[in-house]
Structures are given as structure tokens and as C-alpha cells.
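Everything below concerns the one structure shown next.
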Amino acid sequence: HERVVYEALKKRHRALSVQSQNLLIPETLDLSHKEADLLSSILEDLSGLGIQIEPFGGTTFVVKSIPQLMEKKQIKSLIMEIIETFLETHDPTSKEKWLEACLISMACHTASRANKAMQTREMVQVLEDLQRCENPFHCPHGRPTIVSLDVKQMEKLFKRVV
């Protein structure tokens, strides 16, 4: 699911057609001075990703809107992860690397989590969507999404052969 969400976010970002939803109750973020300075410097980039954030005085910011694919409950942790990612990957000559890392974080926070109960139809939809992805074989972090086992490997798993 993470791969599906990532490719959808990336496609929308490339097409400059980010679809945001305004939050009924804006989310506030209280940051350290370093985090606030950093966030101030990337507000325009975040806006391009569909995340509208405004200064609210001092080191407090207000999240006004988020991409349609996201849920509000994930926004604080996502923003903090984006700030950390910016600190880790910041290279003034490579904005693309940072934006890519942001899209990966957004997909990760948006995707269905392990142990989440899903209906059969939802599972089938995720698999169908995955088949339409450019790279259906790995999540954005590089972990495999599809593995292939031959008969001998299956037999070993079920202790049918040594």
C-alpha cells in the first residue's frame, strides 16, 4: 500500500496538481527554535506537497491543510519526520533528494499499517493498484513487496524436504 500511495503522491507532485483538504480544526505545532527556523525555510516547499503551514507566533505553527490522501492523526509525526529528514539529507544543491524523502515519509505515514484489519475487497484493491505501479516489487524504502518462491523453497518451508 505504501508503494501505491507513494507513486500517487509523486505523480500528483510532478503534475503540480496536489489535492489538499483544509482541516476543520487546524493542528498546532510547538517547536524548538532550530526546528522553527528550519520549518520556516521550507514552508513553500511543503505547500507544493499539499501541506499548508502558517507561523502562529514564536515557535508555534498551524497546519491548515494536508494532502487528500493523508489523515489528520498522522500530521504531527509526519512534520517532525520531515524536519528530521531535512536535517539529515539537506544538500543545498539537491532539493529533489529532500522532496523525494518527504514523499516517502508521507506515503509511509499514510499507508495501511501492519495488523490493520482489512476487508477482502480492500486487499484485492491494494494488489490491483500495486500491479499498476511503475515499480511494484519494492516499497519506497527498498523492501520487497512481492517475493517469488519456487516449489523446492515452499517444500522446505513446510518441512517436506531437507
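Listed values, structure above:
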item	result
Meets criteria (over 30 Å from F137 (Cβ atoms), modelled with pLDDT of 90 or more, in contact with a Lys or Arg (Cβ under 8 Å, 6 or more places away or on another chain) and of a type outside the set (S, T, Y)) for E27	no
Residue check for E100: touching a Pro at 6+ places or on another chain (Cβ under 9 Å), of a type in the set (D, E, K, R), open to solvent by 50 Å² or more (accessible area, probe 1.4 Å) and under 19 Å from K11 (Cβ atoms)	yes
Condition met for E84 (in contact (Cβ under 8 Å) with a residue 60 or more places away in the chain and open to solvent by 90 Å² or more (accessible area, probe 1.4 Å))	no
Yes/no for E54 being under 26 Å from E134 (Cα atoms) and either surrounded by fewer than 16 Cβ atoms within 10 Å (Cβ to Cβ) or modelled with pLDDT of 80 or more (or both)	no
Test: R12 is open to solvent by 20 Å² or more (accessible area, probe 1.4 Å), in contact (Cβ under 8 Å) with a residue 60 or more places away in the chain and of a type in the set (K, R)	no
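The values are calculated or read from the model by the stated rules, or taken from the named source; none is laboratory data. What you are looking at is a predicted structure, and each value in this text was computed from that prediction instead of being measured. Note: ideal-geometry Cβ built from the backbone for every residue, glycine included; neighbour counts use all protein chains shown. Surface areas here come from the heavy atoms of the whole protein model, side chains and all, with no ligands, DNA or RNA. Shrake-Rupley method; radii C 1.70, N 1.55, O 1.52, S 1.80 Å.
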